[in-house]
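A.B. asks: Before I ask anything, let me first share the structure, which is written out below as structure tokens.
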Amino acid sequence: MISANPAGISEADWQATPTAVRAFILVQQAELQAQQQEIEQLRSQLSALASELASLRERIGRSSRNSSRPPSSEGLVQAARASQGQWPQAWRPAGSPWCRA
């Protein structure tokens, strides 16, 4: 016989409740407790991911112009642009291999 009465239900009312209904209530309480634990875990994960996202967005917005990094840390981006013909004609030094003069 199921004897553990849930909080908020008097012992007399619990004993008057049919056994099948009592079993159902206890199962529902166990599921609710498991769901509450899962919600807490998911909230923790969400908080960690939100923090990581903010950090990554901050990193994306940085360049040598708005951070303490020197321009040389950007690598060969400027050379790649020049080789693809993305520099204005006035910026291209005469005699360079990528000059279209």
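A.B. asks: Can we say Gln15 is assigned to a helix (DSSP H, G or I) and modelled with pLDDT of 95 or more? It would help to see each step written out before you state the result.
C.D. replies: Values: assigned to a helix (DSSP H, G or I): yes; modelled with pLDDT of 95 or more: no.
No; evaluated as a whole, the condition is false for this residue.
A.B. asks: Select, from Ala23, Ala48, the only residue that is assigned to a helix (DSSP H, G or I), at pLDDT 95 or above and small (Gly, Ala, Ser). Talk me through it step by step, then tell me what you get.
C.D. replies: Details: Ala23 fails: at pLDDT 95 or above.
Just one listed residue meets the conditions, Ala48.
The values are calculated or read from the model by the stated rules, or taken from the named source; none is laboratory data. Predicted model only: the values in this text are computed from it and were never measured.
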